[in-house]
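Engineer: Before anything else, here's the structure in question.
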Amino acid sequence: MTMKVEVIKKTKKMFKIEPNMKNYEKMVKKFSWKDAKKELEWFKGGKINAAYNAVDRHLKTWRKNKVALYWESDDDKKEFSFMELANESNKFANVLKGLGVKKAEHVFLFLPRVPELYISFLGILKTGAVAGTMFSAFGPSGIKDRLGDSEARIVVTNSELKNRIYKVKRQLPDLEHIIVIDEDKPKKKGEISYQKEMGKASENFKIRKMDPEDYAFMLYTSGTTGKPKGVMHAHLAILQEHITAKLVLDIHEKDVYWCTADPGWVTGVAYGILGSWSNGASTVVYSGRFNPDKWYSIIEKYHVSVWYSAPTAVRMLMAAGADIAKKYDLSSLRHMASVGEPLNPEPIRWSMKVFGVPFHDNWWQTEAGGIMIANYPCMDIRLGSMGKPVPGIKAAIIDEKGKKLGPNKEGRLAIKPPWPSMMRAIWKNKKKYNSYFEKGWYISGDRAYVDEDGYFWFVARDDDVIKTSGERVGPFEVESALVEHPAVIEAGVIGKPDKIRGEIIKAFVKLAKGYKPSAKLADELKIFVKKHLAGHAYPREIEFVKSLPKTRSGKIVRRILKARELGQPIGDTSTLQEA
Ligand code: ATP
Ligand code: MG
């Protein structure tokens, strides 16, 4: 019951420069992870360090003095070359050494997107400790969950955010040191002044040579379906992050690259620090909030050529209108990608119109550690599809028994383990970790199907599938159909229990500027979906809302819509945006 498939054909003249991968099928045939390893730098005895590969190895090349980081906030800006980043992170590694940091110990970062966040992250990896990132909007309970569960002894933060840590400090017996980046002397027992210690620290540090399987960083998942889980990643993750930054994001030597994700989420680590710098790209970090004018001005000012963002951001840009985009010179953009949620066809069409370049959807998860399924510059886009597995990755649709399903059959999206950036553990939860694996497959928890030509199509998170009148309906399809209507900016769709039909489809709809809620408009939308999608898959109930509940990473949280609808407890809310 899919909508008619619309295709964006790729032709040579669409490329401003030749893509790193010229032919997907050929690359899949010849690709091996063993060969790919040659693109990284290894220490003797097969040892590695992801931070060294991201930054320090460039110091042997002309990139030494190239800008690695263009940083901008609302009232300040700074630049760091690869050499400066290497030196600063060495200094921070020395500061940690002075605090007796041990291999494999967890050091947490609770910072906005300031240069110190990037410097500390790299410094932690250089010592052999494990970096844990925490989004700066977390409140005391979110902080307590993460610092408590991870048993961190040290956290790096700033003078404003530290107060939130103090609110729960008594419940964190392992926490000894709070490193404060913007105070020149410690204010309380256990505090350390970043500035003071960095001022004394040497720029020379002997980077720890790690086993590729040693942990490098840990992240808690978005918590879209429940409590966030502490996902452990190894130094080897950078192999896949490097390769995919090259083949999927198509990062070239000359690119100025902007990843809008915060390092509090996996995208901001894998493609805001490791894989992107490993490819030698100049990276833009804007630390402020979303604002269409500001975002476009960043692209114009830094000549951003590769842009990696998320569907929620694209939909917000759309809502702001194409007229804003027209005020800026955005002609530097040559490749754009999106991750985090299904990318509806409408924003892709819109980006083609407004930027002359489509957003390329790709799929992966915190647990996957790197891009798994993607649309590539060299491959035609089927609008609404998340593309094909990354070379070196085997994905399939399987049934409840673990049997592989044929084309166009909806089932569980599964991956053949292992892959280089696969999580190595769920912190302190072996049972949870083991539950991901079944009959030789890694089970993603998402449902999808694959078409005759090998394109993967996302259907829903396992828990979000709606069962109505004996049919299974993915909310994404209904939401995509709704946003095709000019009145609709965003929609969240759930199954609402119904005596006769099992469930009925209910849609929560956010209207575009200039439209008012009315029973007439609701009816019009129902008919619109019926016509565009299928007779049985239209929302029988429509509720107009001012906003949809989202995680701080911008994902619509359908379980909250459902819990509210049914008057049930809404569960963990630490990763939610304030409504
Ligand atoms: P939790 O596991 O705690 O419930 P989460 O799954 O939202 O949270 P993440 O690891 O940040 O945490 O998100 C991965 C999920 O996001 C995927 O499993 C999938 O459901 C969704 N997702 C990511 N990219 C895409 C995409 N391109 N298309 C559709 N869904 C996507
Ligand atoms: Mg998940």
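The values are calculated or read from the model by the stated rules, or taken from the named source; none is laboratory data. Bear in mind that the values here come from a model prediction, so they are computed numbers and not experimental data. Here the Cβ positions follow ideal geometry from the backbone for every residue, glycine too, while neighbour counts run over all protein chains shown. Areas reflect the complete protein model, heavy atoms only, side chains present, ligands, DNA and RNA absent. Shrake-Rupley method; radii C 1.70, N 1.55, O 1.52, S 1.80 Å.
Engineer: Determine whether region 12-24 contains at least one residue that is closer than 30 Å to LYS409 by Cα, assigned to a helix (DSSP H, G or I) and not small (Gly, Ala, Ser).
Structural biologist: Yes.
Engineer: Can you find even one residue in region 253-264 that is of a type in the set (Ser, Thr, Tyr) and more than 16 Å from ligand 1 (Cβ to nearest atom)?
Structural biologist: yes
Engineer: Search region 316-328 for residues that are within 20 Å of GLU490 (Cβ to Cβ) and pair each with any residue that is of a type in the set (A, V, I, L, M, F, W, C) and outside any helix (DSSP H, G or I) when their beta-carbon atoms are under 6 Å apart and the residues are at least 6 apart or on different chains.
Structural biologist: Close Cβ pairs satisfying both conditions: ALA319/ILE489.
Engineer: Here's another thing I want to ask about it. Could you pull out every one of the strands (runs of 3 or more DSSP E) wholly within region 146-230 that has 2 or more residues that are at pLDDT 95 or above and buried (at least 19 other Cβ atoms within 10 Å of the Cβ)?
Structural biologist: Of the strands (runs of 3 or more DSSP E) lying wholly inside region 146-230, those with at least 2 residues that are at pLDDT 95 or above and buried (at least 19 other Cβ atoms within 10 Å of the Cβ) span 154-157, 177-180, 215-220.
Engineer: Another question, if that's okay. Considering only region 201-219, how many residues are touching a Ser or Thr at 6+ places or on another chain (Cβ under 8 Å) and closer than 20 Å to TRP364 by Cβ?
Structural biologist: Residues in region 201-219 being touching a Ser or Thr at 6+ places or on another chain (Cβ under 8 Å) and closer than 20 Å to TRP364 by Cβ: 3 in total.
Engineer: Follow-up question, since we're still on this one. Looking for whichever is closer than 25 Å to ALA216 by Cα, more than 16 Å from ligand 1 (Cβ to nearest atom) and open to solvent by less than 40 Å² (accessible area, probe 1.4 Å) here; the options are PRO420, PRO377. Which one fits?
Structural biologist: PRO420
Engineer: Output the qualifying pairs, or none if there are none: Cβ atoms under 6 angstrom, residues six or more apart or on different chains, first residue in region 190-209 and touching a residue at least 12 places away in the same chain (Cβ under 8 Å) and closer than 14 Å to SER159 by Cβ, second residue assigned to a strand (DSSP E or B) and open to solvent by 20 Å² or more (accessible area, probe 1.4 Å).
Structural biologist: Matching pairs, first to second residue: ILE192/HIS177.
Engineer: A follow-up question, please. Looking at the structure I just gave you, is GLU471 open to solvent by 40 Å² or more (accessible area, probe 1.4 Å), more than 14 Å from ligand 1 (Cβ to nearest atom) and in contact with a helix residue (DSSP H, G or I) (Cβ under 9 Å, 6 or more places away or on another chain)?
Structural biologist: Yes.
Engineer: Which one of GLU565, GLU479, GLU490, GLU541 is touching a helix residue (DSSP H, G or I) at 6+ places or on another chain (Cβ under 8 Å) and either buried (at least 21 other Cβ atoms within 10 Å of the Cβ) or among the acidic types (Asp, Glu) (or both)?
Structural biologist: So the residue among GLU565, GLU479, GLU490, GLU541 that is touching a helix residue (DSSP H, G or I) at 6+ places or on another chain (Cβ under 8 Å) and either buried (at least 21 other Cβ atoms within 10 Å of the Cβ) or among the acidic types (Asp, Glu) (or both) is GLU490.
Engineer: Could I ask something else about it? Can you find a residue in region 237-252 that is within 16 Å of ligand 2 (Cβ to nearest atom), open to solvent by 10 Å² or more (accessible area, probe 1.4 Å) and of a type outside the set (D, E, K, R)?
Structural biologist: Within region 237-252, not a single residue is within 16 Å of ligand 2 (Cβ to nearest atom), open to solvent by 10 Å² or more (accessible area, probe 1.4 Å) and of a type outside the set (D, E, K, R).
Engineer: If you take the residues in region 287-303 that are more than 19 Å from the chain's Cα centre (by Cα) and of a type in the set (Lys, Arg), which one is most open to solvent (accessible area, probe 1.4 Å)?
Structural biologist: LYS301
Engineer: Go through (1) open to solvent by 50 Å² or more (accessible area, probe 1.4 Å); (2) touching a strand residue (DSSP E or B) at 6+ places or on another chain (Cβ under 6 Å) and name the single condition LYS29 misses.
Structural biologist: Condition (2) is where LYS29 drops out.
Engineer: Just to be sure I understand, how many residues within region 68-101 are open to solvent by 30 Å² or more (accessible area, probe 1.4 Å) and of a type in the set (Val, Ile, Thr)?
Structural biologist: Final tally of qualifying residues: 0.
Engineer: State all residues of region 198-231 that are closer than 25 Å to SER150 by Cα and either away from ligand 1 (no atom under 16 Å from the Cβ) or acidic (Asp, Glu) (or both); if no residue qualifies, say none.
Structural biologist: ILE207, ARG208, LYS209, MET210, ASP211, PRO212, GLU213, ASP214, TYR215, ALA216
Engineer: Give all pairs with beta carbons closer than 8 Å in which a residue from region 497-525 that is free of Cβ contacts under 8 Å to residues at least 60 places away in the same chain and open to solvent by less than 80 Å² (accessible area, probe 1.4 Å) meets a residue that is assigned to a loop (DSSP other than H, G, I, E, B) and among the hydroxyl-bearing types (Ser, Thr, Tyr); count only pairs at least 6 apart in sequence or on separate chains.
Structural biologist: ARG501/SER469; GLY502/SER469; ILE505/TYR538; LYS510/SER547; LEU521/TYR515
Engineer: Among ASP498, ASP446, ASP463, which is the only one that is at pLDDT below 95, of a type in the set (Asp, Glu) and within 16 Å of ligand 2 (Cβ to nearest atom)?
Structural biologist: One residue alone meets the criteria, ASP463.
Engineer: Touching a residue at least 24 places away in the same chain (Cβ under 8 Å), out of contact with any Phe, Trp or Tyr (no Cβ under 7 Å at 6 or more places or on another chain) and of a type outside the set (A, V, I, L, M), is that true of ASN408?
Structural biologist: No.
Engineer: Can you tell which of VAL284, VAL306 is within 16 Å of ILE243 (Cα to Cα) and either open to solvent by 10 Å² or more (accessible area, probe 1.4 Å) or more than 16 Å from ligand 2 (Cβ to nearest atom) (or both)?
Structural biologist: VAL306
Engineer: Every residue in region 535-569 that is in a strand (DSSP E or B) and under 29 Å from VAL266 (Cα atoms), please.
Structural biologist: Matches in region 535-569: LYS550, THR551, ILE556.
Engineer: Let me ask something else. Does LEU239 count as closer than 30 Å to GLU18 by Cα, within 16 Å of ligand 1 (Cβ to nearest atom), touching a residue at least 40 places away in the same chain (Cβ under 8 Å) and under 28 Å from the mean Cα position of the chain (by Cα)?
Structural biologist: So LEU239 does not fit the description; no.
Engineer: Moving on. Which residue is farthest from ligand 1 (Cβ to nearest atom), if the candidates are limited to region 437-454 and must be within 25 Å of LYS37 (Cβ to Cβ) and surrounded by fewer than 19 Cβ atoms within 10 Å (Cβ to Cβ)?
Structural biologist: Result: GLY440.
Engineer: Yes or no: GLU341 charged (D, E, K, R), within 10 Å of ligand 1 (Cβ to nearest atom) and touching a helix residue (DSSP H, G or I) at 6+ places or on another chain (Cβ under 6 Å)?
Structural biologist: yes
Engineer: May I ask you to list pairs of residues, at least six apart or on different chains, whose Cβ atoms are under 7 Å apart, with the first in region 109-128 being among the polar types (S, T, N, Q) and the second being modelled with pLDDT of 95 or more and in a strand (DSSP E or B)?
Structural biologist: SER120/LEU109; SER120/VAL156
Engineer: If I filter region 350-403 down to residues being basic (Lys, Arg) and out of contact with any Phe, Trp or Tyr (no Cβ under 7 Å at 6 or more places or on another chain), which single residue comes out as farthest from ligand 2 (Cβ to nearest atom)?
Structural biologist: Here the answer is LYS353.
Engineer: Further, regarding this structure: Can you name the residue in region 380-404 that is within 26 Å of HIS242 (Cα to Cα), assigned to a loop (DSSP other than H, G, I, E, B) and not small (Gly, Ala, Ser) and is also most open to solvent (accessible area, probe 1.4 Å) among such residues?
Structural biologist: LYS394
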